[in-house]
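Enquirer: The structure that follows is given in the form of structure tokens.
The values are calculated or read from the model by the stated rules, or taken from the named source; none is laboratory data. Source: prediction; values computed, not measured. Quick reminder, even Gly has a Cβ in these numbers, built from the backbone with ideal geometry, and neighbours come from all protein chains shown. Keep in mind that these areas ignore ligands, DNA and RNA; they rest on the heavy atoms of the full protein, side chains included. Shrake-Rupley method; radii C 1.70, N 1.55, O 1.52, S 1.80 Å.
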Amino acid sequence: MNSLKKANFTAITINWMIDAFLLLGYIVEYLKGGRTLSYVFIIVGLIFIPMLYVSYLYKRNPSDNKIKYISLIGYFILYITAMFTTSRILVYVYMFPILSVYMLYFNLKLIVISCSVLIVSNSLRIAYLITSLNMTSPSLTTDYMIQFASVSLFSVALIMTTKLSNEFNSKKIESLKNEQEMQNKVTENLKTILDILKKNTTSISTIIEQIGTTSRDLVSDLKESENIYLLTDESIHEQTTMTQEIQSMLENTMNISTEIEHMAENTTEDINEGNVLVKKLEDSSKKLNDNSVEVFEDINGLSKKSEDIYSITEVISQIAEKTNLLSLNASIESARAGEAGKGFAVVANEIRKLANESKNSAENIEEIMKDLMNSARKTVDSSKQFQQLNHSQNEIIKQTHTIFEQINLKSLNLKASIDKIHLTLDQVLSANNKIMKSIDKIADGSRKTVETHMRNEKISSENHKFAKEANKLVKEIQTIYAKSFIDEK
């Protein structure tokens with residue numbers, strides 16, 4: 001309720017109370033026969049018309065500024081009517097409480113006018129009583145003096161009081177305005193601070209929420225990274241195991257390569273021995289060829305040298321046995337040479353066949369010797385065939401020698417290739433050792449990374465917890481801010 005509303009309410013209430021007393025007094029006078037009914041109705045109209053209207057205005061708008069003027073004018077009309085329709089001196093005091101109430105409006109001009117009207121109306125009433133009603137007794141003169149003095153002094157006191165009250169009120173209002181301005185400035189500064197605080201707390205809240213979200217995402221990413229690193233660590237362990245197995249396989253391969261190298265060396269040695277045997281066989285073949293020539297010459301002089309033929313057949317038998325032995329040895333050596341010795345095995349087989357045939361030929365020569373004269377031509381033919389076979393044998397021996405030389409060359413190339421393989425395996429083993437060391441370093445780094453991620457995950461969880469607590473504090477600040485503005489309003 002503001003001040004004008006309170007003043008209007010007080011003025012209307014006092015007016016109704018004084019009017020009620022006046023109306024009651026006039027009704028009593030009417031009942032005693034001192035007043036007519038028409039006069040009472042006039043008084044009732046003067047009371048109710050303005051008072052009902054101001055009551056209506058108050059109900060519609062309690063702070064209506066017209067209420068004080070209408071109620072005061074209405075009461076002055078009632079007051080003047082009451083004073084000029086009675087001979088009682090004390091009626092003039094009815095205006096004192098009303099004017100005292102109108103001090104609440106702190107309107108000096110209104111008080112001055114009201115007091116002036118009060119003095120004038122009372123002066124005119126005194127003059128009216130003296131002149132018109134001829135009320136001039138000494139006691140009444142004293143009452144008139146008291147009435148005029150009371151009204152005048154009351155008016156002066158009321159005007160001075162209102163003036164001083166207005167001055168004090170103005171100073172107080174000015175002081176209040178200054179305080180209000182200071183308070184407004186403080187409020188504005190506080191509002192600015194609170195706005196900044198709200199803005200900052202909102203930003204901080206947003207940042208904290210982002211930190212919380214980022215922390216949750218970071219925790220999730222760290223957990224996923226931890227799983228990935230665990231899988232990586234497991235893969236590294238598997239890779240380390242596989243690398244160790246590869247290392248073992250490479251070492252086994254190295255051992256096998258060394259054994260192959262030794263076998264190649266042994267094969268080269270066997271081939272060299274085979275070449276020696278082939279050389280001996282070639283020499284024997286040359287000797288056999290020479291003997292065959294001699295046999296052919298002896299056969300041409302068979303009739304004269306039969307005894308030499310017997311000796312030659314024995315020699316041929318011995319050579320056949322030796323050849324058979326050599327072919328057997330050659331077969332053994334070719335078997336030892338493997339695939340490379342298959343051709344030589346064929347040659348050795350052919351040599352063995354030739355040896356058998358030579359032996360058979362010697363036996364045939366013995367038989368031929370029994371019937372030498374009858375089979376001389378056949379013997380000559382057989383000698384020619386033997387010479388051709390011997391020539392073929394020489395060619396086969398030469399081819400066998402060539403094959404052995406080629407086998408020897410290939411063995412040397414095989415040995416060189418094995419040496420390269422051996423060198424490559426050494427390099428692979430060295431590289432694999434470096435890989436194993438690198439894998440060990442990676443595994444160690446992976447373990448450290450997993451540990452770091454676990455620490456980061458713990459820190460992120462704590463940050464998320466702190467972010468929640470900070471967000472809670474910010475919300476409390478925002479709640480205080482909201483309450484501050486509600487209280488201000």
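Enquirer: What's the extension gain from THR13 to GLU357 if we count 0.36 nm per residue and subtract their Cα-Cα distance?
Expert: Numbers: separation 344, 0.36 × 344 = 123.84 nm, distance 17.00 nm.
Computed gain between THR13 and GLU357 is 106.8 nm.
Enquirer: Straight distance only, please: which aspartates and glutamates reach the Cα of LYS109 with their own Cα at less than 14 Å, same-chain residues fewer than 8 apart left out?
Expert: Output for LYS109: GLU167.
Enquirer: Additional query: If the cut-off is 15 Å between C-alpha atoms, which aspartates and glutamates fall inside it for LYS171, apart from same-chain ones fewer than 8 positions away?
Expert: Counting by Cα, and skipping residues close in sequence, LYS171 has these aspartates and glutamates nearby: GLU179, GLU181.
Enquirer: List the pairs from LYS398/LYS420; LYS280/LYS304; LYS286/LYS353; LYS223/LYS475; LYS279/LYS322; LYS370/LYS398 whose alpha-carbon separation is above 26 Å, in the order I gave them.
Expert: Correct reply: LYS398/LYS420; LYS280/LYS304; LYS223/LYS475; LYS370/LYS398.
Enquirer: May I ask which of LYS172/LYS199; LYS66/LYS172; LYS5/LYS177 have a Cα-Cα span longer than 32 Å here? List each step's numbers first, then the result.
Expert: Working: LYS172/LYS199 38 Å; LYS66/LYS172 26 Å; LYS5/LYS177 21 Å.
Violating the 32 Å Cα-Cα cut-off are LYS172/LYS199.
Enquirer: Run the numbers for ILE77 and GLU245: contour at 0.36 nm per residue of separation, minus the present Cα-Cα distance, in nm.
Expert: Numbers: separation 168, 0.36 × 168 = 60.48 nm, distance 12.74 nm.
This chain segment gains 47.7 nm when fully extended.
Enquirer: Sticking with this structure for a sec: Tell me, what is the FRET efficiency for ASN272 and ALA335 to the nearest 0.05, using R0 = 22 angstrom and their Cβ-Cβ distance as r?
Expert: Details: r = 17 Å, r/R0 = 0.77.
Here the calculated transfer efficiency is 0.80.
Enquirer: Measure off, as a whole percent, the carbon and sulfur share of the 1.4 Å-probe accessible area of region 1-68, all protein chains present. Intermediate results must be reported in sequence, preceding the final value.
Expert: Numbers: 2870 of 4040 Å².
Of the solvent-accessible surface of region 1-68, carbon and sulfur hold 71 percent.
Enquirer: Which order do GLU29, GLU462 take when ranked by solvent-accessible area (1.4 Å probe, heavy atoms of all protein chains), largest first? Don't skip to the answer; put the middle values down first.
Expert: Numbers: GLU29 40, GLU462 80 Å².
Sorted descending by solvent-accessible area, the residues read GLU462, GLU29.
Enquirer: Let me ask something else. Just subtract the alpha-carbon distance of VAL346 and THR452 from 0.36 nm times their residue separation and send over the number in nm, one decimal.
Expert: Numbers: separation 106, 0.36 × 106 = 38.16 nm, distance 7.53 nm.
Additional length available on full extension: 30.6 nm.
Enquirer: Using a 7 Å offset from the Cα along the Cα-to-Cβ direction at both SER152 and LYS287, what is the distance between the two label points in nm, to one decimal?
Expert: 19.3 nm
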